[in-house]
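To keep things clear, I will list the structure first and then write my remarks on it.
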Amino acid sequence: MSQFTYFCTTCGVTGEDNFDRNDATGESICNICGAQNAQQSRNEEYDMEDALAMRGSRKIRQKAKRSRRGKAAKAAKPLVTLESCLHVSQTILHLQAEALAVALNDQGLVATVEELWFHFLGMWSAHGARPLLNCFLSKAGHASEKPADALLQSGYETQWDYGNDGKGAKETELSRFSLRSHLGLLYLAARLRHLGVLTSDLYVLVRDGRLPYGNVLSLLPDTMTAPVDALHLYFNTNLPYLAVTASTITAEANYLHYHLDLDLPPLNMPLAFRTCAAALQLPHGAVEAFYRLHTVLPPETMAAEGNGTKLWLLPSEVDFVARVLVALKLCPSWHLLVYTSNTDKDEAFSLMHPLDARTPRLKRKHLHAFVAATDDARHGQWSRVTVPSHLDDHIETLQQLAAADEAVETLVKPAPVVAFAPLHSATGAPIDAVPATPDDAPFYPYYRYPREVRLQHVDGATEHVVSILAEYMDMPRLVVFEAVATLEKLYLPLTDVVPPTVFR
């Protein structure tokens, strides 16, 4: 049985006879020192039988832990870093450079674009007014409104300046980069290689789908685009700030021209005029007049380009349009040309390689991505995508052309200009007769800018040609007239077209 040994912790006396029990508190009181506290405990000495008996009477049941019901753990989002953003941007730029190289038949363009890209990264690292990652994260929804710890939990790299959003930055500060800047780099690369490409040519390539720009993420693998899924607004070309026109490409090209500190050669006007003359089917006399003008008054390097001021029109392109008009007016009987477009009135006029062999605009490896994106757009899967109303009609037209026996080339006229329209009789039948006006009749209308131009004293032939070129180049008609008047004051006194008294 159990044996108890009484022991006083104060005086050290032992034995049950030296202790009394307090009925009120149930504690033992020492008769020697009178100590009474909870510390006076008894040391119980158990024998083997008591210990075994107590152990045998206890049953310990181990219950299995119930699995806690809760939501499944979400997969961790990949971290949005500058490296992942630049990886995607560099791949997109490479695809665009390859497409432009195919359109211009210049495979060396890809290497030039690559050199410009790394030169741009080096200049931003040295002279950037804000971190380059800001340009991507500024379009990441509400990323700029979250604190640093919330951004880290949301999957964003925190090594960026939260307060610097780039608003109010000057044109002389390197603080702007977007998907539209790729087109500026492509234009600068084409200028460096003397390809004679205009900003309007790049716009036409983007509009016709020959240069990838819209929905470019669908061309990349999912493993590459997963880290930048949160930046879908940065690649959404439906937003106004990513809209493409010849003027916006001009602004981006001039901005990068200044900050990359490039020494661009003059615009290759003879090559650009060759494309323009082939599109308009200009007579051979206009070509000779243009080369004669180019020899007498060669274009100079425009000091206004790349000087840190915002430009919507490049002076070199304005000078090019003026030279085209002056060369055309120097051609005999140019006013007898009948200008007709082979496209609908609602469609834009195109000068970009209209006579070349039409290569497939969509690569076979991109066909599945294109079909998937088109199907999603037609069925309203994307709320931000608006389907053109004539998309179904365009598909039906393609199906009819595919089922037709005759070739597509016979259904589309290659050029929008027909020279010397045939004469017709009273019944409407064409007659083979010599026009009353000889083919070599000179006709050079000269207008003093801005008085006569603003008063609408312009003949129909000149007004029509100016409208066509101004629309294609995305510049006001008055700018074209002013450039023509400036060029005529320099060049016409050297010819016998207009009496010299006019220029005094």
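Where a number appears in this text, it was derived from the coordinates with a stated rule and is not lab data. None of these values were measured; they are calculated from a predicted model. Neighbour counts run over all protein chains shown; Cβ positions are idealised from the backbone, glycine included.
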For segment 227-234, take each phi angle, set θ = phi - 60°, evaluate the Karplus expression 6.51 cos²θ - 1.76 cosθ + 1.60, and give the result in whole Hz per residue in order, putting x for glycine and proline.
x, 10, 4, 5, 9, 5, 5, 5
Where labels lie 7 Å past Cα in the beta-carbon direction, separation of Thr374 and Glu115 in nm
3.9 nm
Around Phe19, which amide H atoms from residues at least 5 apart in sequence, or from another chain, sit under 5 Å from its own amide H, with H modelled in the peptide plane?
Asn31
Looking at Leu219, Phe273, Leu262, which one has the Cα that reaches farthest to the positive end of the dipole of segment 189-340 (charges on Cβ: Lys, Arg +1; Asp, Glu -1)?
Phe273
Taking θ = phi - 60°, what integer Hz values does the Karplus form 6.51 cos²θ - 1.76 cosθ + 1.60 yield along segment 462-473, in sequence order, with x for Gly and Pro?
5, 5, 5, 5, 4, 5, 5, 5, 5, 5, 5, 7
If amide hydrogens are placed 1.01 Å from N in the peptide plane, which non-local residues have theirs closer than 5 Å to the one on Leu282?
none
Cut-off is 10 Å between beta-carbons; in what order do Tyr472, Tyr447 appear when sorted fewest neighbours first?
Tyr447, Tyr472
Hz values of 3J(HN,Hα) by residue in segment 481-487 - Karplus curve (6.51, -1.76, 1.60), Gly and Pro given as x:
4, 5, 5, 5, 5, 5, 5
Using modelled amide H (1.01 Å from N, peptide plane; none on Pro or chain starts), what sits under 5 Å from the amide H of Val80, excluding residues fewer than 5 places away?
Tyr156, Glu157
At a 10 Å Cβ-Cβ cut-off, how would you order Val110, Val321, fewest neighbours first?
Val110, Val321
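Give the order of Met123, Met473 when sorted by the count of other beta carbons within 10 angstrom, beginning with the fewest. Spell out each step's value before the answer.
Values: Met123 15, Met473 26.
By the 10 Å Cβ count, ascending: Met123, Met473.
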Could you pull out which residues in segment 80-106 have an amide N less than 18 Å from a spot 7 Å beyond the Cα of Ser125, following the Cα-Cβ vector?
81-91
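Estimate the FRET efficiency between Arg477 and Lys170 by the formula 1/(1 + (r/R0)^6), using the beta-carbon distance for r and 45 Å for R0, to the nearest 0.05.
Numbers: r = 31 Å, r/R0 = 0.70.
For R0 = 45 Å, the calculated efficiency reads 0.90.
Roughly speaking, what is the stretch gain from Thr309 to Lys489, that is 0.36 nm per residue apart minus the C-alpha to C-alpha distance, in nm to one decimal?
Length gained between Thr309 and Lys489: 62.1 nm.
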